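In what follows, a structure is listed as structure tokens, so that the remarks can point back to it.
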Amino acid sequence: MLYPKKINAKKGKKMIQIGIAISIVIALILWGTQKAFTPQSHWAWITIACMIYAWIITLYSIKTCQNIAGHVFLQMLAVSALLVYIDYITGFEKWSFGIAIPIVIMTANIIMLILTIVARNRYIQYVIYQIFICIVSYLPVVFITEHLVKDEILSYLALGASIINFIVFVILCHKSLIEGVKRKLHM
Amino acid sequence: MKNMEEKQNLYWRRLDNSAKIFPLSVSKKYSTVFRISCVLKEKVVPKILEKAVEKALEVYPFFKVKLKSGFFWYYLEENPKKPTVEIESNYPCKYIDPKNNRQYLFKVTYFDRKINIDINHVLTDGNSATNFFKEIIYTYLELKHEKNFEEEIRLTRKVEYTSEDSYLKNYNKKAKNNASSQKAYILQGKNIALGAISVIHEIIDFDALKKVCKEKDVTVTMFLTAVLIYAIYEANYKPSHGKKPIKVCIPVNLKKYFPSTTMSNFFSYITVEAHMKNLDTFEEILQFVKLEFKQKLTEKEIVNTMSTNVKIGTNAFIKGIPLLLKKMLVRIGYVEIRKYTTITFSNIGRMGIIGKYQDYIEEFLFMIAPEPVEKIKCSACTFNNQLVFTFTSILDDTKIEEIFYEFIQQQGVPITRQSNGVLEIKKSREEK
């Protein structure tokens with residue numbers, strides 16, 4: 001064998017199409033749940049917008065071979081900080097902790113989950129950012145324990161997304177994880 | 001303070017005339033990277049390879065550099081960091097991001113029995129890169145089989161080179177521009193999804209190929225160029241009713257024409273311009289290619305092409321444009337510039353490997369990065385009795401590769417294929 005096993009172009013395209021189809025189903029479920037249980041709130045639309053954002057970023061970075069994880073991590077921190085600031089200057093009702101940040105965390109974890117599955121061959125360069133994202137993703141727990149959150153559902157969902165992301169990451173990329181940590185921390 | 005002093009003492013050099021354009025145009029889509037691979041007869045040991053790369057860099061400190069930006073041009077500065085050696089995980093010839101590569105402009109990777117070096121053209125050309133890569137392979141084999149190479153280890157290999165810009169030394173200020181003003185036929189078809197690169201190696205029996213070429217009174221490069229034009233004509237040009245000429249760009253090693261020991265880029269090119277209205281059969285194409293080579297592969301023509309390019313690089317007005325502005329202008333114009341070539345075919349010829357080392361090597365591979373305009377690029381290198389002709393492609397279609405393969409087979413030349421699996425290659429009757 002001369003080359004590492006690469007996903008065949010046709011298979012890769014199919015996998016992306018399946019992923020998009022699954023996302024559409026999830027979006028419909030979210031929209032239905034919101035309509036049935038919390039019709040006064042529009043959280044499902046925010047989540048759907050985030051899913052679209054996640055797909056655009058993922059497809060673009062796979063195509064251009066960018067270190068997407070670094071960008072995701074930076075955007076996750078910057079957007080969260082900005083949302084907290086907006087929340088603060090508009091009366092500090094703490095929606096940034098209960099709604100916005102959990103959705104940002106879910107989006108980041110979904111992007112990393114897609115990357116783990118689609119681009120795990122070159123995962124070594126993403127490892128350190130994946131670890132940072134996983135660590136930051138536990139912030140909703142802090143928000144709950146510090147009583148900064150009124151409605152805890154989204155915080156638990158964000159926590160669930162980051163746990164699933166971390167488990168899949170460890171299962172599929174444990175070799176890259178060890179190698180990446182050794183390299184970055186000069187161990 | 002000490003750090004500052006160390007920084008000030010770092011060795012630096014200017015980019016050669018050819019290299020000046022590469023960092024201005026380089027992007028994820030135009031990587032300007034080429035790859036040389038060596039397939040060994042045994043599995044690669046990464047730690048030994050790492051040592052071999054470090055040792056080879058001591059012999060060739062020329063490559064121990066990083067790219068820095070000046071006010072008018074980029075320049076190269078000594079890189080004090082150690083290079084990394086990684087397992088191959090990406091497609092070949094992809095953009096080398098210096099940030100993820102300790103600022104180096106080359107990347108050594110391995111996979112199973114294969115050692116690869118991906119090199120940014122800013123640094124050097126295929127010919128000099130081959131010398132550096134061979135040094136890595138020699139050192140690797142010496143470290144791996146110390147006992148078998150005791151004699152070779154004792155005798156240090158003589159390496160003499162400079163980093164001068166041989167273009168400036170040899171160009172003719174009065175030379176006339178000989179470039180054709182007509183745009184080329186651009187290969188039609190959809191791109192492969194998600195930025196993947198397909199690699200198909202056509203492994204050809206060199207003796208049998210030489211015999212066929214001798215019968216037809218042409219060189220191997222002429223013959224392969226003609227087969228390539230024929231394959232493009234049959235597979236892509238005819239079905240899409242092409243009108244513009246098929247232009248094949250063939251790099252030429254200038255060290256064959258001028259005395260130079262530089263490791264920097266020192267190549268030019270000739271362009272075979274085939275107007276398909278008058279060419280229908282392979283024999284007609286072959287005779288045409290032969291004539292084009294005869295007319296264009298002369299010292300006078302090559303000096304003219306080289307000099308035109310040097311004059312652009314040394315033009316006082318262009319020199320005076322700030323780097324940032326140069327970069328913007330080149331990026332806007334680069335896609336248009338590329339439209340004057342249909343395909344590039346680079347043949348680096350024989351990989352001269354010293355005696356005993358040959359026993360450990362199975363084959364060499366050479367490939368260049370395809371681009372959005374030149375969707376397929378071709379390259380060849382020869383080792384022992386094997387010429388490996390490689391198609392690197394972003395075109396979601398293998399018809400050109402298949403016609404090329406079938407044609408060589410029809411000439412009675414033994415040929416086999418290997419690919420990186422991105423595109424499925426249809427099996428021929430013999431392979432089935």
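The values are calculated or read from the model by the stated rules, or taken from the named source; none is laboratory data. Everything quoted here is computed from the prediction, not taken from an experiment. We place every Cβ from the backbone using ideal geometry, glycine too, and count neighbours over all the protein chains shown.
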- [ ] From B:Leu187, B:Leu123, grab the single residue that is closer than 25 Å to B:Glu273 by Cα and buried (at least 22 other Cβ atoms within 10 Å of the Cβ).
- [x] B:Leu187
TODO: Just give me the residues in the stretch B:186-210 being within 11 Å of chain A (Cβ to nearest Cβ), touching a strand residue (DSSP E or B) at 6+ places or on another chain (Cβ under 7 Å) and not aliphatic (A, V, I, L, M), in sequence order.
DONE: B:Asn191, B:Ser198, B:His201
Task: Boolean, B:Ile302 is in contact with a Phe, Trp or Tyr (Cβ under 7 Å, 6 or more places away or on another chain), under 27 Å from B:Gln188 (Cα atoms), assigned by TED's automatic domain parsing to the domain that holds B:Leu187 and not small (Gly, Ala, Ser) - done: no
Task: One residue from B:Ile203, B:Ile285, B:Ile232 being of a type outside the set (Asp, Glu) and not in a helix (DSSP H, G or I) - done: B:Ile203
TODO: State whether the residues of the stretch B:362-376 include one that is more than 14 Å from chain A (Cβ to nearest Cβ) and either without any contact (Cβ under 8 Å) to a residue 12 or more places away in the chain or of a type in the set (S, T, N, Q) (or both).
DONE: no
Open item on the list: I need a count of the residues in the stretch B:221-234 that are surrounded by fewer than 20 Cβ atoms within 10 Å (Cβ to Cβ) and farther than 18 Å from B:Tyr269 by Cα.
Closed with: 1
Open item on the list: Going residue by residue through the stretch B:170-177, is there one that turns out to be surrounded by 16 or more Cβ atoms within 10 Å (Cβ to Cβ), within 14 Å of chain A (Cβ to nearest Cβ) and either at pLDDT 85 or above or assigned to a helix (DSSP H, G or I) (or both)?
Closed with: no
Task: Flag if B:Pro61 is more than 14 Å from chain A (Cβ to nearest Cβ) and in contact with a helix residue (DSSP H, G or I) (Cβ under 9 Å, 6 or more places away or on another chain) - done: no
Task: Residue within the stretch B:338-352 that is touching a residue at least 12 places away in the same chain (Cβ under 8 Å), out of contact with any Pro (no Cβ under 9 Å at 6 or more places or on another chain) and more than 21 Å from B:Pro251 (Cβ to Cβ) present - done: no
Open item on the list: I'd like to check something: does the stretch A:19-28 contain any residue that is within 14 Å of chain B (Cβ to nearest Cβ) and modelled with pLDDT of 85 or more?
Closed with: yes
Task: Criterion violated by B:Asp118 - all others in (1) more than 13 Å from chain A (Cβ to nearest Cβ); (2) closer than 20 Å to B:Phe383 by Cβ; (3) buried (at least 23 other Cβ atoms within 10 Å of the Cβ) satisfied - done: (1)
Task: The one condition in (1) in contact with an Asp or Glu (Cβ under 9 Å, 6 or more places away or on another chain); (2) more than 28 Å from B:Thr124 (Cβ to Cβ); (3) away from chain A (no Cβ under 14 Å) that B:Phe266 fails to fulfil - done: (2)
Open item on the list: So if I check each of B:Lys244, B:Lys210, which one is charged (D, E, K, R) and within 23 Å of the chain's Cα centre (by Cα)?
Closed with: B:Lys210
Open item on the list: Yes or no: the stretch A:51-61 includes at least one residue that is farther than 19 Å from A:Tyr126 by Cβ, at pLDDT 75 or above and in a helix (DSSP H, G or I).
Closed with: yes
TODO: Go over the candidates B:Glu58, B:Glu78 one by one and state the one that is among the acidic types (Asp, Glu), under 23 Å from B:Leu24 (Cβ atoms), surrounded by fewer than 18 Cβ atoms within 10 Å (Cβ to Cβ) and modelled with pLDDT of 90 or more.
DONE: B:Glu78
Open item on the list: Among the numbered criteria (1) out of contact with any strand residue (DSSP E or B) (no Cβ under 7 Å at 6 or more places or on another chain); (2) surrounded by 17 or more Cβ atoms within 10 Å (Cβ to Cβ), which one does B:Lys319 miss?
Closed with: (2)
Open item on the list: Can you find, within the stretch B:87-113, the residue that is nearest to the other protein chains (Cβ to nearest Cβ) among those that are part of a strand (DSSP E or B) and surrounded by fewer than 21 Cβ atoms within 10 Å (Cβ to Cβ)?
Closed with: B:Phe111
TODO: Name, by its number, the condition in (1) in a helix (DSSP H, G or I); (2) of a type outside the set (Asp, Glu); (3) out of contact with any Phe, Trp or Tyr (no Cβ under 9 Å at 6 or more places or on another chain) that does not hold for B:Leu209.
DONE: (3)
TODO: Could you grab me the full set of residues in the stretch B:313-331 that are among the aliphatic types (A, V, I, L, M), over 26 Å from B:Gly126 (Cα atoms) and part of a helix (DSSP H, G or I)?
DONE: B:Ala316, B:Ile318, B:Leu323, B:Leu324, B:Leu325, B:Met328, B:Leu329
Open item on the list: So B:Asp16 ticks every box in (1) among the acidic types (Asp, Glu); (2) more than 12 Å from every other protein chain (Cβ to nearest Cβ); (3) free of Cβ contacts under 8 Å to residues at least 40 places away in the same chain; (4) surrounded by 16 or more Cβ atoms within 10 Å (Cβ to Cβ) but one. Which box is left unticked?
Closed with: (3)
TODO: Output yes when any residue across the stretch B:222-239 is touching a helix residue (DSSP H, G or I) at 6+ places or on another chain (Cβ under 7 Å) and within 14 Å of chain A (Cβ to nearest Cβ), and no when none is.
DONE: no
Open item on the list: Quick check on B:Pro23: is it more than 28 Å from B:Lys319 (Cβ to Cβ) and either away from chain A (no Cβ under 14 Å) or in contact (Cβ under 8 Å) with a residue 24 or more places away in the chain (or both)?
Closed with: no
